[in-house]
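This report refers to the structure that appears directly beneath it.
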Amino acid sequence: MTLEAMDARLARLARKGDQRAFAELVSMYKDKLYHLAYRMIGNRQEAEDVVQDAFLRVFKNLDRYDENQKFSTWIYRIATNLCIDRLRKRRNVYSLDSESSEHEGLDGYAMLPSDERTPESELLLSETQKIVQEAMDTLPAKYKGVMVLRYMQDLSLQEISDVLGMPVTTVKTRVHRGREFLRKKLERKL
Amino acid sequence: MECKVAVAWMQEYLDGDLSGGDAALLRQHMSECQACQARYDALARTEALARALPFEPAPAGLEARILASLPKAGRRPAAWTGWVRRHPAISAAALFLVVMLSSFVTMWNQDRQLSVAGPDLDNVVIQGDKVIVPAGKEVSGDLTVVNGSAEVLGEVKGDLTVIDGNVTLASTAHIAGHVQEIDRAVDWAWYKLRSWFGTLAYGP
């Protein structure tokens, strides 16, 4: 049985109230969603909240899941939208786009209480990886969703367009701009 | 090749969307243009670095917290509401059918009193639930009797239709058109429908 067929079967069982089937979906997708949320938000606690919220929404809306669509597309869409909402709210609070020119990299994103990485996990990250991660964190929300889905979840452009509900051409443009953005950020630091 | 085109093609190439021929052209350009080569190298490196970020597994205990946060049983709506939501067109059609049928049945049951219709009723005599065309008299057009019996001794120059009743024809009777007896609901509905369309087509 393909992964997709298995997803669809579990979703159908869960819809009928089978708690074990739903638990199975949670265990299959929790890491993927957490990784997605963490890369988009850059904060472990908030990423956890988003994942929990996403599964709650999936659970409540199983009736509305359209089986003609891949389950992964649907669950990614729910999680991505929650992340984008958070990033938007955050921008309103801190007005992050006002980058101060004299402190390179010290824009609002960097001043967030976001990165409470534990010393243990800090050790595992190389200097380069840290710089790449910081560059990802500074991507504008518009490009971040696309880039995270592309690189961290390895989705095709078509799949990203399904998840975000935008035309493939738009996805392509955003991938290109996001790539340019990262290139410029990294060129100065590496 | 202009550098502007080369930059756009680099992106396509990294997307995996550049054809082999175009890729060769791009490579040709980059071998002659240092700036573009450098730019491509930087993009490719960015791509590789972004893909190489370590996977972040969910923290231990998250799964348990998720499952604990779900609302308990009793939240599930009745199965049919889910079905209705998934099949809106069929549901609407079924509802329409139920409404139509019930109104039809109501009409069928209520419509029990005698009625006589036709363009020329001057010579028609009604006794109880019996409609009589007396001997020697004539009705110049169609005659329709609902919920009653028709007894024809004279002449009807059009069709005679009796719904939910019966027809008695005397030997002296002469009917120019068709005689029709209808006493089943389906026939009645069919007749109604036809006369309705007739009205639409030719006017009352």
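Counting Cβ atoms of other protein chains within 10 Å of each residue's Cβ and taking the mean over peptide A:176-187 gives 5.
When all protein chains stay in place and ligands, DNA and RNA are ignored, the 1.4 Å accessible-area order of B:Lys192, A:Lys89, A:Lys172, A:Lys70, largest first, is A:Lys89, B:Lys192, A:Lys70, A:Lys172. Simple point charges give the picture: +1 on the Cβ of Lys and Arg, -1 on the Cβ of Asp and Glu, and for chain B a dipole about the Cα centre of about 1120 debye.
Placing +1 on the Cβ of every Lys and Arg and -1 on the Cβ of every Asp and Glu, with no other charges, gives the range B:3-51 a dipole of roughly 160 debye about its Cα centre. Other residues within the sphere of radius under 14 Å centred on the Cβ of B:Lys137, judged by their own Cβ, net out at -4 (K and R +1, D and E -1). Under 20 Å of direct C-alpha separation, and excluding same-chain neighbours fewer than eight residues apart, B:Lys130 reaches these lysines: B:Lys157. Think of the protein assembly as shown as a dipole: +1 on every Lys or Arg Cβ, -1 on every Asp or Glu Cβ, centred on the Cα centre; then among B:Gly20, A:His35, A:Leu157, A:His35 lies furthest on the positive end.
Compactness of the range B:115-202, taken as the C-alpha radius of gyration over 2.2 N^0.38 Å, stands at 1.05. Between the residues B:Leu143, B:Thr172, B:Leu101, the greatest Cα displacement towards the positive end of the dipole of chain B, with unit charges on the Cβ of Lys, Arg, Asp and Glu, is found for B:Leu101.
Placing dummy labels 7 Å off each Cα toward the beta-carbon, the span from B:Leu25 to A:Val168 is 2.1 nm.
Annotation: amide H of B:Val162 within the under-5 Å range of B:Val145, B:Gln180, B:Glu181, B:Ile182, sequence separation 5 or more or interchain, hydrogens built in the peptide plane.
Principal axis extents of the C-alpha atoms in the range B:3-51 (largest first, rounded to whole Å): 27, 23, 15. Karplus-derived 3J(HN,Hα) values for the range B:11-19, using 6.51 cos²θ - 1.76 cosθ + 1.60 with θ = phi - 60°, are 4, 4, 4, 5, 6, x, 10, 9, 5 Hz; glycine and proline are entered as x.
Averaged per residue, the range B:1-98 has 61 square angstrom of accessible surface, using a 1.4 angstrom probe with ligands and nucleic acids left out.
The Cα atoms of the protein assembly as shown cover 116, 59, 45 Å along the three principal axes, with the biggest extent listed first.
Dipole magnitude for the protein assembly as shown: computed about the Cα centre from +1 point charges on Lys and Arg Cβ and -1 point charges on Asp and Glu Cβ, it is near 1200 debye.
Cα convex hull, the range B:1-121: 296 Å³ per residue, rounded to a whole number. Summarising the amide proton neighbourhood of B:Ala176: residues at separation of 5 or more, or on other chains, whose placed amide H is nearer than 5 Å comprise B:Val156, B:Lys157, B:Gly158.
Quick one: length gained pulling B:Ala60 to B:Phe104 fully straight, 0.36 nm per residue minus the C-alpha distance?
Taking B:Ala60 through B:Phe104 to full extension adds about 9.4 nm, to one decimal.
Between B:Asp129 and B:Thr81, the FRET efficiency from the beta-carbon distance, with R0 = 35 Å, is close to 0.10. Along its principal axes, chain B has C-alpha extents of 115, 56, 21 angstrom, given from the largest down.
Pairing chain B with chain A buries about 3900 Å² of accessible area. This figure sums both sides and uses a 1.4 Å probe.
Which percent of the accessible area of the range B:2-80 is formed by carbon and sulfur heavy atoms (probe 1.4 angstrom)? After summing per-atom areas, the C and S share lands at 60 percent. Taking amide H positions as modeled 1.01 Å from N, with prolines and chain starts lacking one, the residues under 5 Å from B:Ala150 and 5 or more places away or on another chain are B:Val131, B:Asn166, B:Val167, B:Thr168. For B:Cys33 and B:Gln180, the difference between the fully extended length at 0.36 nm per residue and the C-alpha to C-alpha distance is 43.4 nm.
What the phi angles of the range A:133-142 give under the Karplus curve with 6.51, -1.76 and 1.60, with θ = phi - 60°, is a coupling list of 4, 5, 5, 4, 4, 8, 4, x, 3, 4 Hz, glycine and proline written as x. For the range B:147-153, putting each phi into the Karplus relation 6.51 cos²θ - 1.76 cosθ + 1.60 with θ = phi - 60° gives couplings of 6, x, 9, 10, 10, 10, 10 Hz, in residue order, rounded to whole numbers and with x for Gly and Pro. Counting only residues at least eight positions apart within a chain, or on another chain, the lysines with an alpha carbon under 26 Å from that of A:Lys185 are A:Lys89, A:Lys130, A:Lys142, A:Lys144, A:Lys172, B:Lys4.
The values are calculated or read from the model by the stated rules, or taken from the named source; none is laboratory data. Note that this is a predicted model, so its numbers are computed, not measured. As a convention, Cβ positions derive from the backbone with ideal geometry for all residues, glycine included, and neighbour counts pool all protein chains shown. The area values use the complete protein model at the heavy-atom level, side chains included, leaving out ligands, DNA and RNA. Shrake-Rupley method; radii C 1.70, N 1.55, O 1.52, S 1.80 Å.
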